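First comes the structure, then the notes that go with it.
The values are calculated or read from the model by the stated rules, or taken from the named source; none is laboratory data. This structure is a prediction, so every number in the text was calculated from the model and none was measured. Glycine gets a Cβ as well: all are built from the backbone with ideal geometry, and neighbour counts include every protein chain shown. Side chains included, ligands, DNA and RNA excluded: accessible areas come from the protein's heavy atoms. Shrake-Rupley method; radii C 1.70, N 1.55, O 1.52, S 1.80 Å.
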Amino acid sequence: MRFCHLLVFVLITVSAYAQFTDSFDDEDFSQDPQWLGDAEEFQVDIYRQLRLNNLAPGTNNESHLSVASTVALEAVWEFKVGFDGLSSSGLSNSNKMLVYLISDQANLESDPQGYYVLIGGTLDEISLYSTLAGKLIDGPDGVTASSSGLFSIRVTRSQTGQWELQTDNSGGQNLSLVGTAVNTDFISSSFFGVLCD
């Protein structure tokens, strides 16, 4: 069985208060905060990691979870994402993760509008996208195919729409700048979440 796991989700606004933080220390994602979506397809494992557990080899399913979040401007999103049970070339267009920083709806499988970080995909990249404008920050191709499968990611957005994407492709705290962009397609949010394909 193949697994992708989300190690830690942290969302902090620049104004020094956290709208939500979830390290899954309570071994639960149904409250404090409450994640919605395909709950039966996820679990918190013994390492307190949110894990997708529905993918048997050869399946092609989407699974998502989202949490209420109105942060859209003057914000920092930080999270770690890992993939295990995959070969180094295991990520592809049909084996990827989209982390929606800003979404207008809870159901991430029905064409939400907002911003997301693509991890994997055809180009094995970590890049920032707008659902209206397309790719905003183009991460290096091949990075998810040639790494340990554990990534630390930080995205910041200023009040004026200046975006910055940083990653550590070993899952540590040594973040490097991937790129910057300016975009104001969406200035409000209702949800944050993850879509695994």
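Based on this model, can you work out whether S188 counts as in contact with an Asp or Glu (Cβ under 9 Å, 6 or more places away or on another chain) and either in contact (Cβ under 8 Å) with a residue 60 or more places away in the chain or buried (at least 16 other Cβ atoms within 10 Å of the Cβ) (or both)?
yes
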> From the residues in region 131-185 that are without any contact (Cβ under 8 Å) to a residue 40 or more places away in the chain and of a type in the set (D, E), which one is nearest to E74 (Cα to Cα)?
Replying inline: E164
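Quick grid of which residues meet (1) part of a loop (DSSP other than H, G, I, E, B); (2) among the basic types (K, R); (3) surrounded by 22 or more Cβ atoms within 10 Å (Cβ to Cβ):
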residue: Y129; (1), (2), (3): no, no, no
residue: G142; (1), (2), (3): yes, no, no
residue: S146; (1), (2), (3): yes, no, no
residue: S152; (1), (2), (3): no, no, no
residue: T160; (1), (2), (3): yes, no, no
residue: S170; (1), (2), (3): yes, no, no
residue: Q173; (1), (2), (3): yes, no, no
residue: A181; (1), (2), (3): no, no, no
residue: G193; (1), (2), (3): no, no, yes
>> Quick check on region 60-77. Is at least one of its residues of a type outside the set (K, R), farther than 25 Å from N174 by Cβ, open to solvent by 60 Å² or more (accessible area, probe 1.4 Å) and modelled with pLDDT under 55?
In response: yes
> Given the conditions (1) farther than 19 Å from M97 by Cα; (2) within 14 Å of the chain's Cα centre (by Cα), and given that I153 satisfies all but one, which numbered condition is not satisfied?
Replying inline: (1)
> Can you name every residue in region 108-127 that is in a loop (DSSP other than H, G, I, E, B) and either closer than 15 Å to S189 by Cβ or small (G, A, S) (or both)?
Replying inline: L108, S110, P112, Q113, G121
